[in-house]
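Here's the structure we're looking at; comments come further down.
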Amino acid sequence: MDLAISGRRAAVAAASRGLGFATARALAAEGVRVAICGRDPERLEEAARQIGATPIVADVSTADGAAAFVRAARDDLGGLDILVANGGGPPPGRFADVSDPQEYARAFELSCLSTIAMCAEAVPTMQAQQWGRVVAITSIAVRQPIPYLILSNTARAGLTGFLKTLAGEVAPDGVTVNSLQPGSHDTERFRSLGAPDTTGIPAGRLGIAADFGAIAAFLCSEHASFLTGAAIPVDGGAAGGLQ
C-alpha cells in the first residue's frame, strides 16, 4: 500500500536504535524526509546512514532538549509534517522504593513533559498548514500497569491524557494525534535485560521492531486521516482489558 506521504517531513525522536529506528526506517522507505536524534554521535551517524536520514545529536530526556530537537529538525528539513515522539523510560521501582517525590518529577519530565514540549514546537506549524501527524510511543503499561514500574506507569498515563485532549482540539485543523503502546519487542535494549520471556503473550513470541515501525508509519499516512485520539496496543494480545 502506498501511504501517500512521499515528500513529507518527519522528526523521529530517540531513533538511533529500537522502535524509534524501525519507525524512522519505515517512514524513509515511504519517501518521507526524516530527521532522527540520539545522544551517541557515532551510533546516530550509523543509524542515519542506514536510513538515509538527517542526524541531530540531542537529548530528549528533558523538555528543553526535546524542544530543541524539533526546532533543529524543522530547520534542517524546511518544515515539519510528522512528529514521532519517543524516549527512554524511568528506572524501575515500587511505591516503597521511591521515597523522594522528586523522582516522580524527574520521571514526569522524561516520559511526559518531553513529549509535550515536542508537541508545543511541532503542532502549531501543522495547524497552520492544515496537515499533520503526531504519533507518541508510550507503553503497554498505560493500559495495564506493570509491577515494579510505578514511575513509568504514572508518567505515561499522564501523557496519554494529554494526547487524547490535544487530539480533540487540533482535529479540525487536519492534525491527528495518536499513541502506540508497545509490549515486549525483540530490540537491543530488551535483549540486554536477559533471556526473553514470552509468558503472558498470546502470540507466543516477542514483537518484531520492523512490524511496529510499519504500524507507526501507517498512523502517519494519508489513509489514517480519520484515526485520531487513539491509544493502540502493539503487544501480541498481552493486555487483558477490553479498552
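The values are calculated or read from the model by the stated rules, or taken from the named source; none is laboratory data. As the structure is a prediction and not an experimental result, all values here were calculated from the model. All Cβ positions, even for glycine, are placed from backbone atoms using ideal geometry, and neighbour counts span all protein chains on display.
A few points about this structure:
- Among the candidates 201, 215, residue that is surrounded by fewer than 21 Cβ atoms within 10 Å (Cβ to Cβ), under 14 Å from residue 239 (Cβ atoms) and in contact with a strand residue (DSSP E or B) (Cβ under 9 Å, 6 or more places away or on another chain): 201
- Selected residue (only one of 33, 25 is over 28 Å from residue 140 (Cβ atoms), out of contact with any Phe, Trp or Tyr (no Cβ under 9 Å at 6 or more places or on another chain) and either of a type in the set (Lys, Arg) or at pLDDT below 95 (or both)): 33
- Exclusive hit being within 22 Å of residue 234 (Cα to Cα) and either surrounded by 15 or more Cβ atoms within 10 Å (Cβ to Cβ) or under 13 Å from the mean Cα position of the chain (by Cα) (or both), set 58, 35, 13: 13
- One residue stands out among those in the stretch 228-243 that are touching a helix residue (DSSP H, G or I) at 6+ places or on another chain (Cβ under 7 Å) and of a type outside the set (Val, Ile, Thr): the one that is nearest to residue 144 (Cα to Cα), which is 239.
- Residue count, the stretch 9-31 (criterion: assigned to a loop (DSSP other than H, G, I, E, B), over 13 Å from residue 84 (Cα atoms) and touching a residue at least 60 places away in the same chain (Cβ under 8 Å)): 2
- Filter result for residue 188 (in contact with a Lys or Arg (Cβ under 7 Å, 6 or more places away or on another chain), touching a residue at least 60 places away in the same chain (Cβ under 8 Å) and surrounded by fewer than 22 Cβ atoms within 10 Å (Cβ to Cβ)): yes
- Number of the condition not met by residue 6 [criteria: (1) of a type in the set (Ser, Thr, Tyr); (2) buried (at least 22 other Cβ atoms within 10 Å of the Cβ); (3) part of a loop (DSSP other than H, G, I, E, B)]: (2)
- Listing of helices (runs of 4 or more DSSP H) fully contained in the stretch 148-219 that carry 2 or more residues being touching a Gly at 6+ places or on another chain (Cβ under 8 Å) and of a type outside the set (D, E, K, R): 150-170
- Among the residues of the stretch 86-129, those identified as among the hydroxyl-bearing types (Ser, Thr, Tyr), over 16 Å from residue 59 (Cα atoms) and either modelled with pLDDT of 95 or more or part of a helix (DSSP H, G or I) (or both) are 104, 125.
- Counted residues, the stretch 108-133 - those being among the aromatic types (Phe, Trp, Tyr) and in contact with a Gly (Cβ under 6 Å, 6 or more places away or on another chain): 1
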